[in-house]
1. Which of Lys213, Lys191 comes first, and how do the rest follow, when ranked by fewest Cβ neighbours within 10 Å?
2. Go from 0 up to the bin containing the longest alpha carbon distance in region 1-140, width 5 Å each, and give me the % of pairs per bin.
3. Rounded to whole Å and sorted largest first, what semi-axes of the equivalent ellipsoid does the C-alpha gyration tensor of region 92-165 yield via the square root of 5 times each eigenvalue?
4. Per residue of region 189-195, what does 6.51 cos²θ - 1.76 cosθ + 1.60 with θ = phi - 60° give for ³J(HN,Hα)? Whole Hz please, x for Gly and Pro, Karplus curve as stated.
5. Nearest 5 is fine: what % of DSSP beta bridges in the chain come out antiparallel, could you say?
6. How large is Rg over Rh for region 20-256, taking Rg from the Cα atoms and Rh as the Kirkwood inverse mean of 1/r across Cα pairs?
7. Please give the length that would be gained between Tyr221 and Arg254 if that part of the chain were fully extended, namely 0.36 nm times their separation in residues minus their C-alpha to C-alpha distance (nm, one decimal).
8. Can you list the residues, at least 5 places off or on another chain, whose amide H is less than 5 Å from the amide H of Val132, using H built in the peptide plane?
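Please treat every number below as a calculation from the coordinates, not as lab data. Just so you know, these numbers come straight off a predicted model, no measurement behind them. Here Cβ is always computed from backbone atoms with ideal geometry, including for glycine, and neighbour counts include all displayed protein chains.
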Amino acid sequence: MTTPAFGRFFLPGPTDVHPDVLTAMQRPMIGHRSSAMEALLQGVAPRLATLCRTSRPVLIGTTSATGFMELAVRNGIRRRALSLVNGAFSERFAKLVRAAGKECVRLDVPLGCAVEPDMLRDALRRTPVDAVTVVHSETSTGVLQDVAGLAAVAREFDDVLVLVDAVTSLAGSPVEPDAWGFDFAFTGSQKALALPPGLALGVASQRMLERAKTLPDRGLYFDLVAFEEATRKFQPTNTPAVSLLYALETQLARIEREGGIEARWRRHDAMRQRVETWSEERGVAFLPREGRRSWTVSCLKLREGQSAKVGVAGGRLDDRLGLRRAQGLDHTDRPHGRSHAGRP
Ligand SMILES: Cc1ncc(COP(=O)(O)O)c(C=O)c1O
């Protein structure tokens with residue numbers, strides 16, 4: 001088996017993992033109730049808070065991001081949610097609402113578009129709900145939604161919680177759970193954090209926590225109340241993926257050394273701009289409009305009659321830019337190329 005060269009890996013997750021982070025994962029195990037584990041969790045807590053721009057505890061789960069999507073639904077929705085759907089992952093969020101036995105009202109927009117705050121206001125006036133689900137950076141279409149504006153609209157209504165999938169935005173572009181008034185925001189380790197898959201991070205507001213306490217069917221593994229309580233004591237809820245915690249510790253220190261979260265945002269924005277320049281020069285259009293483009297995932301429209309296999313996603317230049325044909329998410333009529341920039 002040939003090992004791919006470091007830095008040549010452009011999937012929209014998992015992303016490439018720095019060799020220092022991989023090495024850190026080789027450390028011996030520690031017990032999950034040991035003082036070493038407590039010290040590890042206490043050590044990463046302030047760096048996680050800085051990364052997630054919050055004064056709330058940052059929850060760490062041994063799960064892929066979908067696990068924390070489920071946590072959001074089970075702990076944040078009382079009876080009925082409005083799901084903003086503009087692609088594959090917002091569709092998953094909506095499906096999860098129903099799978100958890102809650103009522104789901106949908107607000108769909110065409111692929112490549114964002115739900116705008118006025119549209120949300122109209123929908124909330126028409127249909128009373130107790131939560132809104134929204135994906136910040138919809139990986140399947142490269143759309144970055146105005147989640148700050150959407151959360152502000154939701155707050156105009158009484159007791160409507162805002163549940164945000166920040167999976168391909170957090171650590172790659174600004175996400176401000178406290179300042180923007182999110183009730184739950186979550187991400188996965190394998191995206192802009194450039195860690196191996198297997199960890200989810202989440203931040204819950206106090207009002208989300210209060211709501212969770214009133215919901216009887218929030219389950220056990222993703223019980224927010226238990227998660228918060230354990231996190232405040234620097235304890236894991238169950239046996240965590242210890243090696244991934246070593247990786248997290250090492251990567252957080254690397255991010256800090258490289259200038260912190262804002263430097264990381266700037267780097268991702270620069271990579272997005274590079275793809276924009278490339279596509280403008282070649283007359284290849286972006287799927288989302290300007291101002292609604294993800295900083296970590298760029299989705300481009302192939303010209304009429306152009307096959308995705310031989311089109312923009314096939315040549316040498318595309319290798320340098322990291323353009324790839326979207327795999328497993330081929331739900332649009334028109335094929336599109338995409339790049340991902342969540343580099344270590
Ligand atoms: C926006 C978004 N949400 C959710 C997920 C699901 O993440 P996971 O596969 O870690 O459960 C992904 C994965 O690509 C994603 O891009």
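1. Values: Lys213 11, Lys191 27.
Lowest to highest Cβ neighbour count: Lys213, Lys191.
2. Using 5 Å bins, I get a P(r) of 2, 8, 12, 14, 16, 14, 12, 10, 6, 4, 1, 0 for region 1-140.
3. Numbers: eigenvalues 65, 52, 24 Å².
Largest first, region 92-165 gives 18, 16, 11 Å.
4. Those phi angles translate into 5, 8, 9, 5, 7, 6, 10 Hz.
5. On the way: 23 of 40 bridges.
Counting only bridges with both partners in the chain, antiparallel ones make up about 60 percent.
6. Using Cα coordinates only, the ratio equals 0.97.
7. Numbers: separation 33, 0.36 × 33 = 11.88 nm, distance 3.04 nm.
Gain on extension, Tyr221 to Arg254, equals 8.8 nm.
8. When sequence neighbours closer than 5 places are left aside, the close amide H contacts are Leu82, Leu161, Val162, Leu163.
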